[in-house]
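**Q** Have a look at this one.
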Amino acid sequence: MSITRHALPQDRDAAIATLAEAFSTDPFWVYLLAGDDLTVPDERMTPVMELEHDLHVLAGHTYVIGDDATALWDPPGVHTDLTEVGGFLARYAPPERMARAMEAFAEIADWRPTEPHFYLHLIGARSQARGQGLGSALLGRVLSICDDEGLPAFLEASSARNAELYTRHGFTNLATVTIDTDVALRAMVRPPKQ
């Protein structure tokens, strides 16, 4: 397995492509950006992941494993301003779906810890690299910091499969907010291990 490391400027294109591929079939992103299709078109997925990546890389907790997996974290005290992402989504998402997504995020925000914590914004692997432990390695990189520093971690899981991965790493589901049939966000938190 490759080494989990901080993303460097030369990792940008591969990291964006990884996230675009990983989330192109995610239920939440499909709900917002794919219309009646089962996959978000690349011309929508790549630009939104460019925004996500470029906004989060400034926080200093963007990690990669080669060209196959990427994770975007906000460290304690950092709340990445996603106004640009929201603007992009509003241009492409049907208004009623965008409104429901914003309501869901507002509900999820009520479950976010008030004490300092790490926040996992996005994590994904290319299809050919899934099932090889890359997601676990990316999680482990920051969860070890959480344990060492006594900090919780928080995330929203947008698929049942991802929620299972997070549960294996000590996250518990605080709340599930249903957006539409087969589309839900799960507020999950992991306390530091003692």
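The values are calculated or read from the model by the stated rules, or taken from the named source; none is laboratory data. Values in this document were obtained by computation on a predicted structure and should not be read as measured data. Methodologically, a virtual Cβ is constructed for each residue, glycine included, from the backbone with ideal geometry; neighbour enumeration extends over all protein chains shown.
**Q** Examine the range 99-119 for a residue that is in a loop (DSSP other than H, G, I, E, B) and among the basic types (Lys, Arg), and state whether such a residue exists.
**A** The answer is yes; a qualifying residue exists.
**Q** Kindly check whether there is at least one residue in the range 162-178 that is buried (at least 17 other Cβ atoms within 10 Å of the Cβ) and touching a Phe, Trp or Tyr at 6+ places or on another chain (Cβ under 6 Å).
**A** The answer is no, given that none of the residues of the range 162-178 is buried (at least 17 other Cβ atoms within 10 Å of the Cβ) and touching a Phe, Trp or Tyr at 6+ places or on another chain (Cβ under 6 Å).
**Q** Let me ask another. For the range 49-85, what are the residues that are part of a helix (DSSP H, G or I), over 15 Å from the mean Cα position of the chain (by Cα) and not polar (S, T, N, Q)?
**A** Correct list: 84 only.
**Q** Taking only the range 125-157 into account, find how many residues are outside any helix (DSSP H, G or I), under 12 Å from the mean Cα position of the chain (by Cα) and modelled with pLDDT under 95.
**A** Total satisfying the criteria: 1.
**Q** Could you grab me the full set of residues in the range 95-116 that are farther than 18 Å from residue 154 by Cα and among the hydrophobic types (A, V, I, L, M, F, W, C)?
**A** Listed by number, the residues that qualify are 98, 99, 101, 102.
**Q** Counting just the residues of the range 24-53 that are touching a residue at least 40 places away in the same chain (Cβ under 8 Å) and acidic (Asp, Glu), which one comes out surrounded by the most Cβ atoms within 10 Å (Cβ to Cβ)?
**A** So the residue we want is 52.
**Q** Cβ contacts < 7 Å: first residue over 12 Å from residue 30 (Cα atoms), restricted to the range 169-185; second residue among the acidic types (Asp, Glu) and part of a strand (DSSP E or B), any location; separation 6+ or different chain. Result?
**A** Sorted first by the residue in the range 169-185, then by its partner, the pairs are 185/156.
**Q** Scan the range 137-146 and give yes if some residue there is of a type outside the set (Val, Ile, Thr), out of contact with any Cys (no Cβ under 7 Å at 6 or more places or on another chain), surrounded by fewer than 17 Cβ atoms within 10 Å (Cβ to Cβ) and over 19 Å from residue 14 (Cα atoms), otherwise no.
**A** Scanning the range 137-146, I find at least one residue that is of a type outside the set (Val, Ile, Thr), out of contact with any Cys (no Cβ under 7 Å at 6 or more places or on another chain), surrounded by fewer than 17 Cβ atoms within 10 Å (Cβ to Cβ) and over 19 Å from residue 14 (Cα atoms), so the answer is yes.
**Q** May I pose another question? Has the range 98-120 got at least one residue that is of a type in the set (Phe, Trp, Tyr), buried (at least 17 other Cβ atoms within 10 Å of the Cβ) and more than 26 Å from residue 172 (Cβ to Cβ)?
**A** So far as the range 98-120 goes, no, none of its residues is of a type in the set (Phe, Trp, Tyr), buried (at least 17 other Cβ atoms within 10 Å of the Cβ) and more than 26 Å from residue 172 (Cβ to Cβ).
**Q** Which pairs have Cβ atoms under 6 Å, sit 6 or more apart or on different chains, and link a residue in the range 99-123 that is among the aromatic types (Phe, Trp, Tyr) to one that is assigned to a strand (DSSP E or B)?
**A** Close Cβ pairs (under 6 Å, with a partner that is assigned to a strand (DSSP E or B)) amount to 111/174; 111/175; 111/187; 118/73; 118/153; 119/74; 119/154.
**Q** Show the residue pairs that are 6+ apart or on different chains and have beta-carbon atoms under 7 Å apart, the first residue being within the range 1-23 and under 11 Å from residue 63 (Cβ atoms), the second being of a type outside the set (Phe, Trp, Tyr) and modelled with pLDDT under 90.
**A** Short answer, once both residue conditions are applied: 7/57.
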